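J.: Got a structure for you, questions after.
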Amino acid sequence: MPVIKLFANLRKFAGAKELSVMGSTVGGVLGALVGQNLQLRAAILVDGIPGPHVIITLNGHNIVDLNTAIDEQDVIAIFPPIAGGQGE
Amino acid sequence: MAGWLEKVLEIDLSTHTYKIYPLDMEMARLFIGGRGIGARLLWDMVGPNVDPLSPENVLIFTNGPLTGTGYQTSNRFSVTTKSPLTGTVLDANSGGFWGMQFKKTGYDAMIVRGKSEKPVWIEIKNGAVTFHDASELWGMRVFALTKKLGQDNNKRNVLCIGPAGENLSRVAAIMNDRERAMARGGPGAVMGSKNLKAIVVEGRERPVIEDPERFKFLLYETRKLLAASPLTSQALPEFGTVVLMNIMNNIGALATRNHQQTQFEGAEAISGEELTEKYLVKNAACWACPIGCTRISKTEKVEGEGPEFESTWAFGAQCGIDDLPAIIEANALCNDLGLDTISVGSTIACAMELSEKGYMDSDLRFGLADMLAPTIEAIASRKDIGAELADGSLRLATKYGHPELSMTAKGLEMPAYDPRGLQGQGLLYATSNRGGCHMRGNMIGLEVLGLPKLIDRFQVQGKSAFVILNQNSNAAIDSLVVCKFTNMGVADEYFARVLSAVTGIQYATTELIKAGERVWNLERLYNNREGFTTKDDTLPPRLLNEAPVDGPSQGWVSKLDPMLKEYYRTRGWDENGVPTKQKLTELGLADLV
Ligand code: SF4
């Protein structure tokens with residue numbers, strides 16, 4: 001089964017850092033992941049699609065099309081909105 | 001005129017005298033403040049014949065028309081000088097409280113020239129300057145000195161160097177408000193070369209705001225925008241910048257072991273999630289900042305600000321170290337000694353590779369966390385191995401006959417983002433006027449975070465336009481001066497409106513960005529005058545020739561050449577990277593050359 005890695009506060013909402021979820025597309029896996037978990041759903045999706053600044057990658061490559069097909073060995077990573085930088 | 005105080009303070013350390021004269025307001029209109037005015041003044045004051053560590057170099061401290069007005073993050077200030085690390089134009093800016101207090105002393109800019117015969121510290125109180133003997137303070141570390149000189153966040157603020165600056169380490173920082181750093185490019189060494197230990201400011205002046213009603217409205221609007229953005233209202237305060245560790249590792253763009261790999265197996269152990277769960281004590285904020293991204297962390301040995309993502313990376317992935325307490329302690333030690341964490345971490349990593357390959361005789365090896373603290377101490381005191389590392393990785397690697405192992409652009413150690421997985425970021429490092437740096441433009445928003453919109457990070461064609469826009473916008477923000485994190489919730493357009501409300505000069509957004517472009521081109525002219533050419537707009541050979549053998553960036557190298565050609569064209573420069581007469585005329589810079 002494809003593996004989903006979760007980061008930042010998504011771990012708290014899911015109660016895990018990593019989960020295996022059934023599905024043949026990124027969107028299918030996402031749907032199965034959020035399931036009945038309202039906190040997770042609210043953190044990732046807005047009107048059924050990933051919210052602004054949510055980052056989803058498939059084997060390290062950014063995904064924008066939720067219909068992207070996935071294999072058994074694939075790894076999906078999901079990051080909630082975050083930011084970058086450092087001092088001068 | 002509103003916004004500016006229209007006064008420049010010039011201090012001569014050789015004679016312990018000072019003079020005050022009016023700020024050239026036409027220059028202020030064109031270059032705004034901060035980094036912009038700093039670059040313009042440096043152009044006239046420090047030419048190519050000046051050694052950065054000689055009395056002829058200057059330190060130019062500047063605030064901007066927004067500084068101290070109370071606009072969100074209007075706490076920042078800049079220092080401009082010729083870099084002793086790179087030989088390029090150098091500006092660094094910092095937050096905290098000192099910048100706001102400096103403005104209250106009544107000056108837009110302070111130029112420090114010459115060299116004091118004996119160690120000295122300067123006190124500026126309500127405009128008057130007093131020179132104090134600093135012989136007994138020489139050798140003191142930053143935290144103790146800041147306390148001794150009476151740091152009181154909203155009233156009296158201390159800027160100083162630690163032992164690293166005194167010992168002229170070319171990776172020494174200037175520190176303010178205890179743990180804020182003007183870190184990159186070695187400004188601390190310039191201050192040390194002048195025998196100047198500290199500058200303490202205290203004042204009561206306030207800038208006039210031309211249109212207070214409009215300003216108040218924009219303050220309210222900005223507060224709403226920052227609160228509405230998930231980045232500035234939640235992500236930054238809740239997770240801090242270190243949350244980038246797992247993201248960069250996940251996409252295969254986390255430089256590891258002196259850029260030998262692009263993923264670090266220990267990333268999770270040094271991640272923002274781990275830091276928050278085990279070591280975070282509380283959040284803090286700079287003056288007038290509702291974002292409050294500063295995080296106080298604690299181990300058994302230290303408690304203090306940070307570490308930020310880049311510092312955690314420099315001592316972590318870059319050195320192959322996954323011991324987070326050791327990294328937190330290394331960061332705190334650098335702050336106390338007055339050192340740039342990125343350059344220090346990456347220089348240690350370079351020494352680790354040189355030693356592992358048998359080119360250098362030392363005990364440094366990747367992964368040895370216990371080596372961090374003693375090596376940092378040695379760098380600050382220039383003792384033992386520190387004598388070789390204190391001047392950065394390029395001088396070190398060159399000494400051992402392998403300059404290619406220095407992960408620098410124009411001699412400045414690059415931060416965490418590996419250009420092989422981020423083509424635009426590579427172009428940015430190569431063209432940055434102060435060398436390998438992510439604060440003179442940053443493509444991570446566009447290439448990774450989707451801010452404001454995701455673009456293909458491996459794409460080469462068309463990247464230069466994004467890089468240029470980013471660089472110009474950053475130069476404008478650095479001239480206002482406000483914190484770049486504000487820009488995650490507030491568009492450039494708002495900054496133009498606030499600048500207009502404060503100064504009474506109507507700046508359209510395009511004019512503000514054009515001011516940024518003017519600053520960028522002037523800095524480029526400065527570097528060209530110093531002898532930098534297109535051959536210096538490059539990256540270490542490893543990043544141009546050695547592709548990662550696994551991970552998401554597998555098979556990729558930085559495709560710098562075509563991007564660079566496109567960049568020069570889009571900038572309006574000739575094929576030698578020199579701004580054309582037409583471009584300089586358009587920017588009002590033609591009379592300079
Ligand atoms: S966002 Fe962070 S660095 Fe910027 S002004 Fe606020 S607290 Fe300071």
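The values are calculated or read from the model by the stated rules, or taken from the named source; none is laboratory data. These numbers were taken from a predicted model, which means no experiment stands behind them. Here the Cβ positions follow ideal geometry from the backbone for every residue, glycine too, while neighbour counts run over all protein chains shown. For the accessible areas, the whole protein counts, side chains as well, though only heavy atoms, and no ligand, DNA or RNA atoms are used. Shrake-Rupley method; radii C 1.70, N 1.55, O 1.52, S 1.80 Å.
J.: Per residue of B:264-276, count partner chain C-beta atoms within 10 Å of its C-beta, then hand back the mean as an integer.
T.: Numbers: counts 0, 0, 0, 0, 3, 0, 0, 2, 3, 8, 0, 0, 2.
Mean inter-chain Cβ contacts per residue within 10 Å come to 1.
J.: Right, another one. Probe of 1.4 angstrom, ligands and nucleic acids ignored: what's the accessible area per residue over the stretch B:455-571, in square angstrom?
T.: On the way: 4210 Å² over 117 residues.
Result: 36 Å² per residue.
J.: So what does the Cα-only Debye profile of the protein assembly as shown read at q = 0.05, 0.08, 0.09, 0.11 Å⁻¹, as log10 I(q)/I(0), no solvent term?
T.: -0.21, -0.55, -0.71, -1.10
J.: Of all alpha-carbon pairs in the stretch B:468-593, indicate the percentage at a distance above 26 angstrom. Mind showing how you got there, number by number?
T.: Working: 3048 of 7875 pairs.
Considering the stretch B:468-593, 39 percent of its Cα-Cα pairs are separated by more than 26 Å.
J.: Please list, short to long, the whole-number percent of alpha-carbon pairs of the stretch B:7-202 in consecutive 5 angstrom bins beginning at zero.
T.: Per 5 Å bin, starting at zero, the Cα-Cα P(r) for the stretch B:7-202 comes out as 1, 9, 18, 23, 24, 16, 7, 2, 0 percent.
J.: Grab the eigenvalues of the alpha-carbon gyration tensor for the stretch B:236-314, scale each by 5, take roots, and send me the semi-axes largest first in whole angstrom.
T.: 24, 14, 10
J.: Rounded to the nearest 10 Å², what accessible area does B:LYS216 have for a 1.4 Å probe in the complete protein model?
T.: My reading of the accessible area for B:LYS216 is about 120 Å².
J.: With every protein chain left in place, what is the accessible area per residue of the stretch B:161-213 in square angstrom, probe 1.4 Å?
T.: 28
J.: Follow-up. Over the stretch B:255-409, what percent of the accessible surface lies on carbon and sulfur atoms, probe 1.4 Å?
T.: Looking at the stretch B:255-409 in its full context, I get 48 percent from C and S.
J.: What residues qualify as long-range amide H neighbours of B:LEU66, i.e. H under 5 Å apart, gap of 5 or more or another chain, H built at 1.01 Å from N?
T.: When sequence neighbours closer than 5 places are left aside, the close amide H contacts are B:VAL481.
J.: Another question, if that's okay. For a quick size check, give me the Cα extents of the stretch B:255-409 along its three principal axes, largest first, whole Å.
T.: 49, 32, 30
J.: Would you mind giving the average projected area, over all directions, of the Cα convex hull of the stretch B:115-158 in nm² with one decimal?
T.: 3.6
J.: Farthest toward the dipole's positive end in the protein assembly as shown, which of B:LEU589, B:PHE217, A:PRO52, given Cβ charges of +1 (Lys, Arg) and -1 (Asp, Glu) about the Cα centre?
T.: Sorting the options by dipole projection puts first B:PHE217.
J.: So for the stretch A:1-84, Kirkwood radius off the Cα pairs, Stokes-Einstein at 25 °C and 0.890 mPa s: how many µm² s⁻¹?
T.: 196
J.: At 1.4 Å probe size, with every protein chain present, just tell me what the per residue accessible area of the stretch B:299-376 comes to in Å².
T.: In whole numbers, the stretch B:299-376 has 29 Å² accessible per residue.
J.: Please state the charge dipole magnitude for chain B, taken about the Cα centre, from unit charges on C-beta atoms (+1 on K and R, -1 on D and E), reported in debye and rounded to the nearest 20. Before the final figure, lay out each step's value.
T.: Working: 63 positive and 71 negative charges, 267 e Å.
It works out to roughly 1280 debye.
J.: Okay, next question. Evaluate the charge dipole of the stretch B:171-266 about its Cα centre and quote only its size in Debye, nearest 20, assuming +1 on the Cβ of each Lys and Arg and -1 on the Cβ of each Asp and Glu. The partial results should precede the final answer.
T.: Values: 12 positive and 10 negative charges, 56 e Å.
Computed charge dipole of the stretch B:171-266: roughly 260 debye.
J.: Compute from the Cα atoms of chain B the Rg and the Dmax, the latter being the longest Cα-Cα distance, and quote both in angstrom.
T.: Every Cα atom of chain B included, Rg and Dmax give 22.1, 67 Å.
J.: Continuing with this model, one more query. If you consider only alpha-carbon coordinates, what radius of gyration and Dmax does the stretch B:222-266 have, in Å?
T.: Calculated on Cα positions, Rg and Dmax stand at 14.7, 44 Å.
J.: If you don't mind, there's one more thing I want to ask. Across 10 Å bins from 0, what is the distribution of all Cα-Cα pair distances for the stretch B:370-506, in whole percents?
T.: 11, 31, 27, 21, 9, 1
J.: With a 1.4 Å probe, what is the total accessible area buried between chains B and A, in Å² rounded to the nearest 100?
T.: 2600
J.: Something else about it: Quick one: which bits of the stretch B:545-563 get at least 20 Å² less accessible when the partner protein chains are in, versus the chain alone, with a 1.4 Å probe?
T.: B:PRO552
J.: Take the residue pairs B:LYS282/B:LYS453; B:LYS82/B:LYS383; B:LYS155/B:LYS484; B:LYS484/B:LYS565; B:LYS148/B:LYS197; B:LYS216/B:LYS453 and return only those whose Cα atoms are more than 20 Å apart.
T.: B:LYS282/B:LYS453; B:LYS82/B:LYS383; B:LYS155/B:LYS484; B:LYS484/B:LYS565; B:LYS216/B:LYS453
J.: With +1 on each Lys and Arg Cβ and -1 on each Asp and Glu Cβ, how big is the dipole of the stretch B:443-579 about its Cα centre, in debye rounded to the nearest 20?
T.: 160
J.: Report, to the nearest whole %, how much of the accessible area of the stretch B:59-134 belongs to carbon and sulfur atoms, 1.4 Å probe, protein only.
T.: Of all accessible area on the stretch B:59-134, carbon and sulfur atoms account for 44 percent.
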